[in-house]
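Worksheet: the structure to be examined is printed underneath.
Read-outs: derived from the displayed coordinates by stated rules, not from any lab. None of the values given here were measured: they were computed from a predicted structure. In this analysis, Cβ positions are derived from the backbone assuming ideal geometry, glycine residues included, and neighbour counts consider all displayed protein chains.
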Amino acid sequence: MVWPSLAQVRFLLVGEYPYGALGGLAMSLVIVIMAVVIGFLLGVAIGIGRLSDKSPIRRPCQLYVELIRATPLIMVLFWFYFLIPNVLGMRISLFWTVIVALITYVSAYLAEAVRAGLMAIPKGQPEAAYSIGLRPTQVLVFITLPQALKMMIPTFVGIFISLFKESPAVMLVGFSELMDAGYSIATLHLQQTLSTFFIIGAIFFVFCFWLSRFSLRLERRLNPERYRETGELPLDIEATAIAAATPRGSIGAMK
Amino acid sequence: MASPATKEPASFSVKFSTDAVPIVNAFLRDWFGLAYDFNWAIIFEERYYSLVLTGLKYTALLTIVTTAASVPLGIIVGVMRSSEQYVLRRVAGVYVEVFRNIPGMFWVLFFYFGFPTLLPGPWGRALNSYPHFTLLAAILGLTFDNSSYVAEIMRAGIQSLVVGQHEAARSIGLTDWQRWRYVILPQAIRTVVPPLGTRCIQNLKSTSLAMVIAVPELSWATRQVESLSFRGFEVTTIATVIYVSLCLVMAAGVNWLERRLARRHGLSPAV
């Protein structure tokens, strides 16, 4: 087995960065972090909207979440890849197309997590807040939302991991990131196919494994009351995240 | 007054596609400034809808085969993970962590490009020259990927049963096989039907990853129609509608199964 040269490993990690475009693992992280951070704001808004009393607000939010969650990421990428240049007549870079698609995609999952968090707040919290004379907006902003977001931090980490694992789909619209860099090395240098796959697999494994362990620790630190009785860690952060974020009868959950 | 000679012959499909489209396009152009003429009629052209229908067929095939293979595999690995034997537990643990922490697309690519070189020479060459190798590689990759998630769900279901179930089964003298087959697994599987159903719907969406090695499934057909007709937005919309409908059908199936199990076993569906 021929191992990749140092230059090729560098290509996997940062692309051609100082001399050309950023790529590889660094680009994967950039798009995923940007999508989760910006999508978080949209997700909070939609998650609150889904719990609104007014059906003109609730229904569109519900439709958005259910539609995105029943659609593969590649279809969302195609929408923006074909929509923006053709329909709007604008030319934007592939980077921003990908970012917009990932934000659209991840915000639906984040919205579900926010909604699950808000619904898990005990009724006594908003009741007590109303009884001391806070207005509905104040109750949401100062009482229920901070608690819900804190409770859902491990779920957000789980969604981040999931998006990181789904992000290789962007190579299908020609965007270069970790999997695309590995794919080009593996198919151009047939001697190194296997070793390149080992390296990419190892990078993904180390990242996702470490993050999921970190998330388990976080879960235990943030929500100790949930594990006080058994003294056990939850089985698996993603199963917990899916269970928390999937109301009965809804379709789809993230990987 | 129009004479009969100037009347167009009645041809429904052509009239439908040519009459409605300019109105919609003019509306979009004037009110939203869209510089694009939609042409939804492309889906009625035979060379395009045959591609989409083939794609639908392959997506359905991949979904059914990978689900049917990965659920039993995942159940076996999940039982191994909950076994009392250290070696079995560790092997299953490594299996789950490796397949779950590496993306599905990696596994599809790996089974296509990497797997034949891992095999002894003649076998690898035979596999590479097998005409349906792309389909086989996609099925292998998606099956192993999905089975690790099924195993995690199964383990959670098995651990949700109280320890007394194992103890009671042992105390009436059941063998290990009987204990798993007649006591633990029936209860655990009933418990995990909702998350398992969600997982299978996720698997349907994951089949779109097979386009990376040019399996002609729905996403691949979408891109193909786009490159032939430059009508990417229209065909993407149609493919999305198909994906959403398939997901809704599967969700309805899972709900039906859940209700049926609940009725038969006298449990509330929320178990």
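Note on A:Val2/B:Gln159: beta-carbon distance plugged into 1/(1 + (r/R0)^6) with R0 of 51 Å gives a FRET efficiency of 0.70.
Have a look at A:Gly15, A:Gly43, A:Gly124 and tell me which one the Gaussian network model of chain A (Cα, springs below 10 Å) gives the largest fluctuation. In this elastic network of chain A, the residue with the biggest mean-square fluctuation among A:Gly15, A:Gly43, A:Gly124 is A:Gly124. Applying 0.36 nm per residue to the separation of A:Val14 and A:Arg135 and subtracting their alpha-carbon distance, the gain on full extension is 38.6 nm.
Pairs exceeding 20 Å between alpha-carbon atoms, taken from A:Lys54/A:Lys150; A:Lys150/B:Lys205; A:Lys165/B:Lys205: A:Lys54/A:Lys150; A:Lys150/B:Lys205. Counting 0.36 nm for each residue step from A:Ile38 to A:Ala202 and taking away their Cα separation leaves a gain of 56.2 nm.
Mean residue ellipticity at 222 nm, helices only, the protein assembly as shown: -23500 deg cm²/dmol; runs of at least 4 DSSP H residues each add -39,500 (n - 2.57), and the sum is divided by the number of residues. Other residues within the sphere of radius under 14 Å centred on the Cβ of A:Met27, judged by their own Cβ, net out at -2 (K and R +1, D and E -1). Between B:Val91 and B:His265, residue separation times 0.36 nm minus the direct Cα-Cα distance comes to 59.2 nm. Considering only B:Ala138, A:Val141, B:Gly164, the residue lying farthest towards the positive end of the dipole of the protein assembly as shown is B:Gly164, judged by Cα position with unit charges set on Cβ. Counted as membrane-span-like here are DSSP H helices of chain A whose alpha-carbon atoms extend 30 Å or more along the helix's own axis and whose Kyte-Doolittle mean is -0.5 or above; these are A:24-50, A:94-119, A:193-222.
Computed about its Cα centre, the charge dipole of the protein assembly as shown is approximately 1180 debye, with only Lys, Arg, Asp and Glu carrying charge at their Cβ. How high is the FRET efficiency between A:Met119 and B:Ser83 when r is their beta carbon distance and R₀ equals 45 Å, given to the nearest 0.05? It comes to 0.80.
To the nearest 0.05, how large is the calculated FRET efficiency for B:Arg170 and A:Arg91 if R₀ is 60 Å and r is the Cβ-Cβ distance? Using R0 = 60 Å, I get an efficiency of 0.30.
Spin-label model, B:Ser227 to B:Trp256: label points 7 Å out along the Cα-to-beta-carbon direction sit 3.8 nm apart.
Within chain A, which is the longest segment that contains none of the GluC sites (Glu not before Pro) sitting in a DSSP loop with at most 10 other Cβ atoms within 10 Å? By the stated rule (loop sites, at most 10 other Cβ atoms within 10 Å), A:1-228. When a/c reaches 1.5 or more, the comparison of a/b and b/c decides; with that in mind, is region A:6-245 rounded, prolate or oblate per its Cα gyration tensor? Because a/c hits 1.5 or more and a/b fails to exceed b/c, region A:6-245 counts as oblate.
Report, in order of residue number, the helices in chain B meeting two criteria: a C-alpha extent of 18 Å or more along the helix axis, and a mean Kyte-Doolittle hydropathy of at least 0.5; treat each whole DSSP H run as one helix. For chain B, where a helix must reach 18 Å along its axis and average at least 0.5, the hits are B:12-32, B:46-81, B:86-100, B:133-159, B:232-265. B:Arg179 sits among other residues whose Cβ lies under 12 Å from its own Cβ, and their net charge, with Lys and Arg +1 and Asp and Glu -1, is -1. Extending 7 Å from the Cα toward the beta-carbon at both A:Trp210 and A:Leu190 defines two label points whose distance is 3.6 nm. The amide H of B:Leu119, built 1.01 Å from its N in the peptide plane, has no neighbour under 5 Å, considering only residues 5 or more places off or on other chains. The modelled label-to-label distance for the pair B:His132/B:Lys57, using points 7 Å beyond Cα in the direction of Cβ, is 1.2 nm. Taking the Cα centre of region A:6-245 as reference, the dipole from Cβ charges on Lys and Arg (+1) and Asp and Glu (-1) amounts to some 540 debye.
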